[in-house]
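**Q** Below is one structure. I have some questions about it.
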Amino acid sequence: MGSEGPTECSTLSGKTIKTLNIFRATSNGTEIQIDFTDGTSFNCLVSNRTEIEANLSVCGAGEPQVLEQYLSK
């Protein structure tokens, strides 16, 4: 999705919620399930990406000097 803004789910507007469940810490992330009184259901999976940031530096007197940065997304 990136940073292009929110994802609007306009077809959900005006529906009445019957139940809302949050299933945490599944292998794929956190799932949100909303059941509506009209018999429909909305499911949303929220997952985190692992990012790695590492630096190769020269340490000595003063601030370390960064020689190389390694980024993984």
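The values are calculated or read from the model by the stated rules, or taken from the named source; none is laboratory data. Just so it is clear, the model here is predicted, and its values are computed rather than measured. In this analysis, Cβ positions are derived from the backbone assuming ideal geometry, glycine residues included, and neighbour counts consider all displayed protein chains. Each accessible area value is taken on the protein alone, full model and side chains, heavy atoms only, with ligands, DNA and RNA left out. Shrake-Rupley method; radii C 1.70, N 1.55, O 1.52, S 1.80 Å.
**Q** Of the conditions (1) on the phi < 0 side of the Ramachandran plot; (2) open to solvent by less than 90 Å² (accessible area, probe 1.4 Å); (3) assigned to a loop (DSSP other than H, G, I, E, B); (4) small (Gly, Ala, Ser), residue 57 satisfies every one except a single condition; which number is it?
**A** (3)
**Q** If you take the residues in segment 31-48 that are of a type in the set (Val, Ile, Thr) and either touching an Asp or Glu at 6+ places or on another chain (Cβ under 6 Å) or open to solvent by less than 70 Å² (accessible area, probe 1.4 Å) (or both), which one is nearest to residue 72 (Cα to Cα)? Reasoning before the result, please.
**A** Pass one, segment 31-48, residues of a type in the set (Val, Ile, Thr): 32, 34, 37, 40, 46.
Next, from what is left, pick out any that are either touching an Asp or Glu at 6+ places or on another chain (Cβ under 6 Å) or open to solvent by less than 70 Å² (accessible area, probe 1.4 Å) (or both): 32, 34, 40.
Details: 32: 28, 34: 34, 40: 39 Å.
Per the criteria, the residue is 32.
**Q** Do you know which residues across segment 13-30 are modelled with pLDDT of 90 or more, open to solvent by less than 70 Å² (accessible area, probe 1.4 Å) and not polar (S, T, N, Q)?
**A** Answer for segment 13-30, where residues must be modelled with pLDDT of 90 or more, open to solvent by less than 70 Å² (accessible area, probe 1.4 Å) and not polar (S, T, N, Q): just 15.
**Q** As an exercise: evaluate residue 63 against (1) charged (D, E, K, R); (2) more than 28 Å from the chain's Cα centre (by Cα); (3) open to solvent by less than 90 Å² (accessible area, probe 1.4 Å) and give the number of the one condition it does not meet.
**A** Residue 63 satisfies all of (1) charged (D, E, K, R); (2) more than 28 Å from the chain's Cα centre (by Cα); (3) open to solvent by less than 90 Å² (accessible area, probe 1.4 Å) except (3).
**Q** Looking at 20, 12, which is the one that is touching a residue at least 24 places away in the same chain (Cβ under 8 Å) and aliphatic (A, V, I, L, M)?
**A** The conditions single out 12.
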